[in-house]
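S.K.: Take this structure first; my questions come after.
Each value in this text was obtained by applying a stated rule to the coordinates, not by laboratory testing. Here the structure is a predicted model, which is why all the values come from computation and not from measurement. Cβ sites come from the backbone with ideal geometry, for glycine too, and all protein chains shown count toward neighbours.
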Amino acid sequence: MSLVIPAALGTPPSPSHLLALADIFLLFFIMIGPIKAIGAYATAAQGMESKQWAAVSWKVFGIAVVTTVAAGGLGGAMLHKWHIAPAVLQLAGGLVFLLVALQMVLAQYAPPAPPPAAASAPPAARLAFPVTLPAYGIAALIVLVALSGSTERYLWIMGLAIAVLLLDLLVMLFIRQIMRVVGQLPLQILAAVLGMLQVALALQLITGAVRTIITS
């Protein structure tokens, strides 16, 4: 079943998988996509020339891709070796997705955050972690990989994660034009809508996992 555009990726969900590939893309778009990071990208780009910002953007993308591949491979293998039941992994993933979604939905009611203090880390490192790849995004990737069940689905999951990172790169490269044409308000509205969709997906995962645990 899919709560978002059915067959958006041309692949129907397998009966053995609760989340369709379109749903996984939505989760990645919310957790490691550009919506959550666009404000940080815009702030960082203000103090740089276009060529310098482009170089930083490519470095952030490279770091994020390497980290994603490593986390997906090593993290998923470690969870398999621990012999954690799939239903428990599904429950853990649902809880992570739910907490992140609630944070996104409720963020609009929080007071503005103070400007960050000057950091000694290079701009690329600061933007890669935790702006582009927050800890919960890496955790979600590891859980989805551990639940993949086949090489084909694993490759799909990794490909979707990297595709979202490509969107991050495009937003970084064109952040000035995006902020000038679109502005911040429409992006905040989109983030709230996507957050509500993720709440629904997370609750679907949690209820399915609890049902499996109770009946097993």
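S.K.: Counting only chymotrypsin sites (Phe, Trp or Tyr not before Pro) that are in a DSSP loop and have at most 16 other C-beta atoms within 10 Å, tell me the longest site-free stretch of the chain.
M.R.: Free of exposed loop sites, the longest segment is 83-173.
S.K.: Further question on the same structure: Hydropathy at least -0.5 by Kyte-Doolittle, axial extent at least 15 angstrom from the Cα trace: which helices of the chain, defined as entire DSSP H runs, fit?
M.R.: 21-32, 50-70, 86-106, 135-146, 151-173, 185-215
S.K.: Take the Cα atoms of the chain, find their three principal axes, and give me the spread along each one in whole Å, biggest first.
M.R.: For the chain, the Cα spread along each principal axis is 58, 35, 34 Å.
S.K.: I've got another one for you. Report the full-extension gain for the segment residue 174 to residue 88: residue separation times 0.36 nm, less the Cα-Cα distance, to one decimal in nm.
M.R.: 26.9 nm
S.K.: Among 43, 67, 132, what is the fewest-to-most ranking by other Cβ atoms within 10 Å?
M.R.: With the fewest neighbours first, 43, 67, 132 line up as 43, 67, 132.
S.K.: Now for a separate question. Between residue 70 and residue 203, what is the spin-label point distance in nm, taking each point 7 Å from the Cα along the Cα→C-beta axis?
M.R.: Reported label-point gap for residue 70 and residue 203 is 3.8 nm.
S.K.: To the nearest 20 debye, what is the magnitude of the charge dipole of the chain about its Cα centre, counting +1 on the Cβ of each Lys and Arg and -1 on the Cβ of each Asp and Glu?
M.R.: Value, rounded to 20: 220 debye.
S.K.: For residue 190 and residue 95, calculate 0.36 nm times their separation in residues minus their Cα-Cα distance, and state this gained length in nm to one decimal.
M.R.: Once the chain is fully extended between residue 190 and residue 95, it gains 32.0 nm.
S.K.: What percent does the relative contact order of the chain come to when contacts are Cα pairs within less than 8 Å and at least six residues apart?
M.R.: Numbers: 216 pairs, mean separation 87.0, N = 216.
After rounding, I find 40 percent.
S.K.: Taking the alpha carbon gyration tensor of the range 35-79, what are the square roots of 5 times its eigenvalues, largest first, to the nearest whole Å?
M.R.: Taking √(5λ) for each Cα gyration eigenvalue gives 29, 12, 5 Å.
S.K.: Same structure, new question: Can you sort 199, 193 so the residue with the fewest Cβ neighbours within 10 Å comes first?
M.R.: Exposure proxy ranking, most exposed first: 193, 199.
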